[in-house]
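Engineer: What follows is a structure written as structure tokens; I'll ask about it next.
Read-outs: derived from the displayed coordinates by stated rules, not from any lab. These figures come from a predicted structure and were not determined experimentally. Cβ coordinates were reconstructed from backbone atoms using ideal geometry, including for glycine residues, and neighbour counts include every protein chain displayed.
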Amino acid sequence: MQKSHWESKIETNRDLHSQKRRKKRLLINNVVKDILKKYDIKTVFDLGCGLGFYFPIYHECGCHVFAVDYAFNRVEIARKKVEDLKLQNITVKCEDIFQIDEVGHFDCIMLSFVLDHMALPQVKQIISKIKDSARYFIVVGYYSEPFKDLEQRHRQLCRRLGVEFNSFSEKKELTCAVYDYPTLFNMPYSLNQFGDDCSLLLFENVKAESKPSETAHSGYLHA
């Protein structure tokens, strides 16, 4: 059966979107790899690891990794990825970060598309819990600079959807929120922006104590 003009157009747009997404993911991958190598990062806490998207990069860079996600099905897929690809030094657990009493110490903490899906009080709680647990923090999300421009676009989206703008309120009505990460982390940072809706921010906790890589995981990786 021959497709209509609009069906063909929708399919073409879907393919283009998929290609752009793959290209963006590849660019993010390359930046993450460069960061791990440049700063000699050897221990990583991947908070909200999902399906283990960055696992092959960690393996390639020789990192010891403790990864958590609250969704059991995603954790199972991530574990299978470790097994199938024979990735070394990666421990994956199903845990809720809010239930972890002590995070431990790592060279780097990864938060990729994690904070955008939380309400602001939760974001502040997470940052407070982890801020002294690493020297570097990689945050991948929907932040953009100048930040106010993205905030304005978010307000416009809210109006179109007929919901109240709530990025900075306790109530969460949208799938993703837009937060001012530099203000929330309050640390020196560098920015890699991918288009107008996705960024990678690297924060450095200059007050963090230097710890030997062998002890940076505080026992997590041997659990």
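Engineer: Rank the residues C94, C198, C49, C108 as a footprinting-exposure proxy: fewest other Cβ atoms within 10 Å of their Cβ go first.
Structural biologist: Ordered from fewest to most neighbouring Cβ atoms within 10 Å, C94, C198, C49, C108 come out as C94, C198, C108, C49.
Engineer: Follow-up. What net charge is computed for the residues neighbouring S190, neighbours being all others with C-beta under 12 Å from the C-beta of S190, Lys and Arg scored +1, Asp and Glu -1?
Structural biologist: Neighbour charge sum, excluding S190 itself: -2.
Engineer: What number comes out for the charge environment of L85, summing +1 per Lys or Arg and -1 per Asp or Glu over other residues with Cβ under 13 Å away?
Structural biologist: Local charge sum for L85: +1.
Engineer: Given the pairs K80/K131; K42/K93; K24/K81; K37/K86; K23/K129; K20/K93, which span a C-alpha to C-alpha distance of over 28 angstrom in this model?
Structural biologist: With Cα atoms farther than 28 Å apart: K80/K131; K23/K129; K20/K93.
Engineer: Can you sort K86, K131 so the residue with the fewest Cβ neighbours within 10 Å comes first?
Structural biologist: Sorted ascending by nearby Cβ count, the order is K86, K131.
Engineer: Exposure proxy check: M187, M110 ranked by fewest other beta carbons within 10 Å?
Structural biologist: Ranking M187, M110 by Cβ neighbours within 10 Å, fewest first, gives M187, M110.
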